[in-house]
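S.K.: Let me give you the structure first, and then I'll get to my questions.
Values in this text are rule-based calculations from the coordinates and carry no lab data. Keep in mind that what you see is a predicted model, and the values were worked out from it rather than measured. We place every Cβ from the backbone using ideal geometry, glycine too, and count neighbours over all the protein chains shown.
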Amino acid sequence: MSTGTDTRRGRKNEPQRTCVACRRKADQRLLVRLVRSPEGEVLVDHPHRLGGRGAYVCSSMSCVTRAAKGRHLSQLVGGPVAPLDPAALKALITDRIERRVVELLAAASRSRKAAIGADAAAQSLRAGCRLVVVATDASPRVRRDIDDLALRSGTAVLEFGDRSQLGSAFGRSVVAAVAVTDDGLAEAVRHELEMLRGLTLAQQRKSEPSQRDRTALERAT
């Protein structure tokens, strides 16, 4: 099983950073970077593009909660920051990661490395694509067809947003599913979706994951 903070797929010579909450070291790309704005607000720098001092946190709700409550966050980001509760910090991180997913899917579309729509995704699955992203409100028929084809090919199937949110990546009103055919982009999208999932793990601990979730995660590892 894999999560957004898994270090097993680390890249060679990837810079190591320490989570401000759990103090565990991990590849920089597997952590979320927090920085301080000139107004003293916490900003989510994801991917890492802003200069200056920053703090890193695992994409897990437990670490996000501890980071929001930690008194030493201001020391790490180079100055005092406005109070921030865990739910607000989670919302900031979630929004930034979701926007990153949309950016990556849009890049796949521009480079013609995306098969957009349920029928196109199914056709791409038959041709051996690397990843299919399905909207959470896709119809049962679409989910069944995609899952059946993915099971035969061993392709990862992960969920993201509703049809409107998925469609926003391609300038369409709604999209039920999209296949990513480029290896690098597929890995990048999968990484972001695993980070998103890490933020919800704490809410899922009291119940067993669905068969669909277990199957998707098994395919993604």
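S.K.: Shape of region 39-184 from its Cα gyration tensor (a ≥ b ≥ c, root eigenvalues): rounded if a/c is under 1.5, otherwise prolate when a/b > b/c, or oblate?
M.R.: prolate
S.K.: From the phi angles alone, apply the Karplus equation (6.51, -1.76, 1.60; θ = phi - 60°) to region 132-143 and give each ³J(HN,Hα) in whole Hz, x where the residue is Gly or Pro.
M.R.: Coupling constants for region 132-143: 10, 10, 10, 5, 5, 9, 5, 5, x, 5, 4, 4 Hz.
S.K.: Just for the Cα atoms in region 16-86, what are the lengths along the principal axes, largest first, rounded to whole Å?
M.R.: 29, 24, 16
S.K.: At a 10 angstrom cut-off on C-beta neighbours, averaged per residue, how do the peptides 124-134, 93-103, 79-89 rank from highest to lowest?
M.R.: With the highest mean Cβ count within 10 Å placed first, the list reads 124-134, 93-103, 79-89.
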